[in-house]
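Take a look at the structure set out below.
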Amino acid sequence: METCIALIPLIPLLGFLILAVAGGKFDRKTAGYIGAGSVGISLVLALIAGALFLRSLPGVSSYSVSLWEWISAGELRADMSFSLDSLSLVFCIVITFVGFLIHVYSIEFMSGDEGFSRFFAYMNLFVGSMLILVLADNILLLYFGWEGVGLCSYLLIGFWYKEPENGYAARKAFIVTRIGDTAMIIGIFILFVNFRTFHLDELMLQVNDKWSVGSPLAVITAALLLFGALGKSAQLPLQTWLPDAMAGPSPVSALIHAATMVTAGVYLIARCHVLFNLAPVVMTAIAIIGALTLLIAGFSALGQHDLKRILAYSTISQIGYMFLALGVGAWSAAIFHFMIHAFFKALLFLAGGVVILVLKEEHDIFRMGGMKKEMPLIFFTFLAGSASLSALPLVTAGFYSKDPILWYSFSSVTGNFWLWIAAFTGAFLTTLYTFRLVFVVFFGETKLKPSFQPGKLMTVPLAILAFFSIVAGFIELPESFGRFHLFSSLAENTLPAVTVRETGYPETLFQLLSALIVFAGIYLAYLAYYKKPSMSESFEHGRIHRFFESGFGFDRLYDVLLVNPLVWLSAINRNDIFDWLNIGLARLTVLGNRLFSLTQNGKLRWYVMSFTIGIVLILTYMILR
Amino acid sequence: MILAYLILILLAGSLLALLTGRKGNLWPRVISVAAVSLDLVLLIIFSSSVSGTDGKWLMDLQLEWIPRFGISLHLALDGLSLVMVLLTLFLGIISVVISWKEINSRVGFFHFNLLLILAGIIGVFLSLDLFLFYFFWEMMLVPMYFMIGIWGHENRTAASYKFFLYTQASGLLMFIAILALVFVHESTSGTLTFDYVQLLGLEMPAAKELLIMSGFLAAFLVKLPVVPLHNWLPDAHSQAPTAGSVILAALLLKTGAYGLIRFVVPLFPSASAAFAPVGMGLGVIGILYGAKLAFAQTDLKRLVAYTSVSHMGFVILGVFAFNVIAYQGVVMQMIAHAISTGALFILAGQLYERIHTRDMDQMGGLWEKTPVMGAIGMIFSLASLGLPGLANFVAELLTLLGTFKASVLMASLACLGLVAATIYSLRIVQKVFFGKMNHEWEIADLNLREKIVSAVLVVLVVALGLFPRPVLNLAGPAIIKTLDSHPAQLTGLPDSGKSAGNGKTASFNQLSGMFKKH
Amino acid sequence: MLTVPIETMLIFAGLLFLIGLVGLLTRRNLIFMLMSIEIMFNSAGLVFIIAGRHWKQADGQVMFIFILAVAAVEVAIGLALLLQVYHHYKTLDADSVGKLKDNNQ
Amino acid sequence: MNFFFYLAAAIALISTIMAISGRNAIHALLNLIISLLAVSVIFYLLDAPFIAALEVIIYAGAIMVLFIFVTMMLNIGTEKKIEKRWLNPRVWIVPSILAALLLVDFILIINGLQIPEPVDETLNTKQVGISLFSTYVLAVEIAGILLMAGVIGAYHLGSQKKKVTHRFLKK
């Protein structure tokens, strides 16, 4: 079992090494197989580890293996050691499963691109560092994976380095997440300075018994870690980088900016739930940030024309849901939503990627149309994904993962009505922009003919993902549908169960309401974008639309607040005022030279005059002393 | 006795290189590589056979030089200086190899200077006699001046003057401080000696101690560029030949840091403790100001020079945190910075050899033409922004953690430096390798020699990032020895693991107290 | 017997010296400068004599003799130089003889 | 007795002032001779008859005559218009201020001196002669050499050699 855990992250890293060092030599096929193969192997290993883990569940709740001692200085000890418990098992399986599918998909998707092996090298490095992040058993190693993941997102967003815009988007992503990471590292320092250990479980134990609920230190540390999570998961203050990150290839967006990396924040908060439980004010902050983000992202998604940017904003809003769930203490619901979201969002990105690739890099959805007739399979998979995204009741997995979040946002101890209202309108917005996308792109007459039909390597992963985004929901049925909590029982042995307060309203009422809102959303979208497009004309070109499209103007805000002053600051002092120190000195000496050389004017009488002056001065000094 | 051989071999090599310079260009290069690698081999053999771990001097050699003034040739080696000498020799070989093609005028004299600098640096790291220390301090200065002045780029003379004046003036201040220290010691204990070991436990009034320490500080803060005194570094770097700037960045800056750890902190415990807040402030200013300047530079070498000003800010921050973790961080930072900045300078040199300009506006999209150089450049830029898994991360983590224990405010400000590091490092990668090709450069990718050098450096950076233990163990005992007598260590934050009782309030009242104030 | 107080005599000698000095400073004609120097020599000698008389020592007068010798030699050399200057520069203006000037202005 | 001293002093002062402020060189020289004669009277009053005689013979007689001889020979002191330009009153201000300052200093210093009472031994020229050749015999020899050097120097400087261009100065 231990070797299994150790190998899971190492295989993709090995794949990265092979591809990076000897990448140039392989032809496309072998490079693709190495890339996908390594992730495939770690998927198999993850499944084996999962099986072994589930079999021995009641007894041993976590396995850990230590590879070598990484840093030891004074009493600081951090070593390369991985541990598997139920939380990290879920993440492992999702990452490797979705990663493997995306690798297979991108063998064909990237076949037209040069730098093929470089792409797979980066993808393998990404999967490797994400696995390190998830399996790390001390918080420093978690930070190691955290930064590795940030690096790979930088490399992959800027993969097509020819256009400078991709480079700038990549740099923006890395710097914004790096701001979050700096806050996180300070949090880690506080933890270490207080408890002298990086080991997560031990840390959580000591945190629990040393710090009281609401003590200033706990609040500050939790806030810092939260800020780190916000950076990585593109939540409210630091969400501007994700829409620009769509400059990367679609498989990258699918893997990194939908399924795995952006949920690293969720994993961090879930992993340190003990610390966050000690800081109730931070928990409410998480809930509020989640609610606000899902609303803002929902509205912004409505205003987008670019297919991938709609999906990007939808990712931000879905993660908002997860943060909302974490905020109200519904830990396992958040993780469950993460799993389901990984399936259907990856599916949507991949299917969208096919549409864009086929229409020769056309991103504007209003120039596409009638894809239903052209590519029926893509249409059906995309429909499955969108239904699951908008939580079509009973049928799709989305319903079983998003609906409990709505319910807990109201019924949990710390939940309240306003949170539920926000989640509720969010659900409506989600359905609206998803089906706006579906109707505009797939229905109506075909404006652009697809240049070729996608091959089997692309459609098979889509089909598998579609199957899972429908079926995967049934392992976690809500109370009203019978006592079938396969997933939460698994998650419960590392995460605390959600505490529900007596609300006086039955859960079924809320499910009916959310089902109603979904159908209303679909009908409105059908009406506005298919039946009578004129209705949406005025909205599409109005001023609110531009406001939504710019993502509530955060980009301009940050430019004005942060970017421009910094650029101005660095421009004004390009060559370093301290340089004046020695330029001034040099000037002074030259001046002095010119001054004193005046006295050497060759006139005899001037010299005698200076003698006399000298004598006068000396004599007066002699007298006055 | 091998310590003396280390220096003598280099001196002999330099003379030989000078003599054979007239015969042909190849001989001096071969001789200098041979001399440095011979030294390296000698050191490895002897250091492995005698590695004591209790922090005492691994090897100690004392020969009479000027008995009347108590000056002796006192060379000694402990964990810290062993690490530094290994670094020096390793980078010495690298700098000779990279200047194989670049320097072809007066090659003999070039390698004469090169080996003299290396001998001077090793002398600085080994000498325990203050007079001898000053002698080697000056010895490394003059050949460097010639190197920048003769083989430099366009306005090299100005840069070499500035470099020489800055270091020479501060060196003289240090010499005065050494003399003052010796005379104070003589007045209290009667014996006139320059020996470091005897001068260690010297008691003197605080004001005098502060004054003498400021003399030492002047020399080391100029050498380790601290912001107000850093102006010589960008000019010296942008005008020096590649080998020159590699040695300048990788080794000469470290002599400043080494001097702080070896001389300033143990010799003047209470004065350095009093100076600590100012020192840390200077460190933080160095980090942020260096980074700020790095954002705006268009000359690649100047940009890398300012990044090393910023990295050295971490060093001075760590030195004045007075705890073991910070010092381990400082030692790691010295090595990591030496490798990553050295590699970036080698890269800049290779670029200059190909496109004859250091101006980043004219570069762009070079990844297409030179993917290998692009990958190497990418790795070392990521190293300089402190990506985990590479050596700089371990260093910065330890330094910041150590500083965090000493003062929370300073460490948090220094953490901003991490974000700044990201900005300027990615700027290098974006401006040089990504983006569109605005000039149609027809340039070849790295040849075999350059590939080997870069590969060795990459392996080293990654190895130190993942397995820093050997360096930490080697330097550990020496650090504990220098720090155990230091009062600040005791008054500083409780280091040993005494968790403060059961108090539900933060077990760390001083730390939370600090938070209440903010 | 002369009973003039020594202070007045010394001040008188000083006065003589100052007049010589003023002459040296103001006049641009080399001859007048030489002449003023002679005056200064003379006043210096006077002071020696006054002091010699006061202490009744012969040294004062001996010193005067030496001053005389020096003055004589000085005039001889000075006038010879003056002749050379006159032949070379065709003028006796002290300022025109300015070759010692620092000429990097 | 004092009266003569003050008279001679006045004459000396006036004649030296006339000497330095005169336009014509010869007149100035003659004034200077008068002042030297006045000073020799003072020497006599200071009961140093030998020195007074020397002053008249060497100083007034030899040096001044040499002076007048040179200026007359080359009639170089007589350019009236240049002298006038050089002698406008403004020129006198700065030196006289300096001289005044010095005078103030002299007076302060001299009055500040505590000069003890004079000793009442006798001093006559015989003692001067004796000490001249007993304690100062070496100084006298040196003075002799000095004078010889002066003569040779004056000869070489004064002689009108024909123009010889220097080997490498090319002047």
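Compactness of the protein assembly as shown was expressed as the Cα radius of gyration divided by 2.2 N^0.38 Å, which yields 1.33. Per-residue mean of foreign Cβ neighbours for D:9-17 is 4 (Cβ atoms of other chains, 10 Å radius). When all alpha carbon pairs of chain A are counted in 10 Å bins from zero, the resulting P(r) reads 3, 16, 25, 24, 14, 5, 2, 3, 3, 3, 2, 0 %. For the residue pairs A:Lys162/A:Lys447; A:Lys456/A:Lys531; A:Lys345/A:Lys372; A:Lys162/A:Lys308; A:Lys29/A:Lys373, the C-alpha atoms sit more than 27 angstrom apart in A:Lys162/A:Lys447; A:Lys456/A:Lys531; A:Lys29/A:Lys373.
Counting each DSSP H run of 4 or more residues in chain D as -39500 (n - 2.57), what helix-only mean residue ellipticity at 222 nm follows after dividing by all residues, to the nearest 500 deg cm²/dmol? Walk me through the intermediate numbers first.
Working: 8 runs with 118 residues, N = 171.
Calculated mean residue ellipticity at 222 nm is -22500 deg cm²/dmol.
Normalised by the number of residues in chain D, the mean separation of alpha-carbon contacts (under 8 Å, six or more apart) gives a relative contact order of 16 percent. Taking other C-beta atoms within 10 Å as the exposure proxy, B:Ile66, C:Ile11, A:Ile269 rank B:Ile66, C:Ile11, A:Ile269 from fewest upward.
Against chain A, whose longest principal axis comes from its Cα atoms, helix A:579-597 is set at around 10 degrees.
Summing +1 for each Lys or Arg and -1 for each Asp or Glu among the other residues whose beta-carbon sits under 13 angstrom from that of A:Lys162 gives -3. Shielding by partners for peptide A:151-160, expressed as the average number of C-beta atoms from other protein chains within 10 Å of each residue's C-beta, is 2. With the alpha-carbon atoms of region A:575-624 aligned to their principal axes, the span from lowest to highest coordinate is 52, 32, 7 Å, starting with the largest.
If you take every residue apart from B:Phe194 with its C-beta less than 11 Å away from the C-beta of B:Phe194, what net charge results, scoring Lys and Arg +1 and Asp and Glu -1?
Numbers: positive: none; negative: B:Asp129, B:Glu186, B:Asp195.
So the environment of B:Phe194 carries a net charge of -3.
Net length available on complete extension from A:Lys360 to A:Leu486 is 41.0 nm, with 0.36 nm assigned per residue and the Cα-Cα distance removed. Mean separation of Cα pairs under 8 Å and 6 or more residues apart, divided by the residue count, gives chain A a relative contact order of 12 percent. Restriction of the chymotrypsin sites (Phe, Trp or Tyr not before Pro) in region A:575-625 to DSSP coil positions whose beta-carbon has at most 16 other beta-carbons within 10 angstrom yields A:Phe578. Placing pseudo-labels 7 Å out from each Cα toward the beta carbon at A:Asn493 and B:Glu442 gives an inter-label distance of 6.9 nm. The distance between label points at B:Ala169 and D:Ile17 comes to 5.7 nm (points 7 Å beyond Cα on the Cα→Cβ vector).
Using helices alone, what [θ] at 222 nm do you get for chain A, with -39,500 (n - 2.57) per DSSP H run of 4 or more residues, divided over all residues and rounded to the nearest 500?
Value at 222 nm, helices only: -23000 deg cm²/dmol.
Comparing D:Gly129, D:Gly22, D:Gly112 in a Gaussian network model of chain D (Cα springs below 10 Å), the most mobile by mean-square fluctuation is D:Gly112.
The distance separating the Cα centre of region A:471-519 from that of region A:381-396 comes to 18 Å.
Here region B:105-167 and region B:312-349 have alpha carbon centers that stand 21 Å from each other. Put in line by how crowded their Cβ is, counting other Cβ atoms within 10 Å and starting with the fewest, B:Ser384, D:Ser15 read D:Ser15, B:Ser384.
Charge tally for B:Glu450 (other residues, Cβ to Cβ under 14 Å; Lys, Arg +1; Asp, Glu -1): +1. When only alpha carbons of chain B are considered, Rg and Dmax amount to 22.5, 79 Å. Computed log10 I(q)/I(0) for region D:1-90 at 0.15, 0.21, 0.23, 0.25 Å⁻¹: -0.63, -0.97, -1.07, -1.17, from the Debye equation with unit scatterers placed on every C-alpha and solvent omitted. Summarising the label geometry, the points placed 7 Å from Cα in the beta-carbon direction at A:Gln600 and B:Leu200 lie 5.5 nm from one another.
Legend: distances between Cα atoms for A:Lys25/A:Lys449; A:Lys25/B:Lys451; B:Lys301/B:Lys405; B:Lys162/B:Lys208; pairs beyond 25 Å are A:Lys25/A:Lys449; B:Lys301/B:Lys405; B:Lys162/B:Lys208. For region B:238-255 versus region C:34-64, the inter-centroid distance based on Cα atoms is 72 Å.
Would you tell me the mean number of C-beta atoms belonging to other protein chains that fall within 10 Å of each C-beta in A:578-586, as a whole number?
Values: counts 7, 5, 1, 4, 8, 1, 0, 1, 3.
Going residue by residue through A:578-586 and averaging, the value is 3.
Cβ-Cβ distance of A:Ile618 and B:Glu186, R₀ of 41 Å, FRET efficiency by 1/(1 + (r/R0)^6): the value works out to about 0.55.
Bear in mind that the values in this text are calculations on the coordinates, not laboratory data. Owing to the predicted nature of the structure, the values given are computational and were not obtained by experimental measurement. Every residue, glycine as well, gets a Cβ built from its backbone with ideal geometry; the counts of neighbours run over all protein chains shown.
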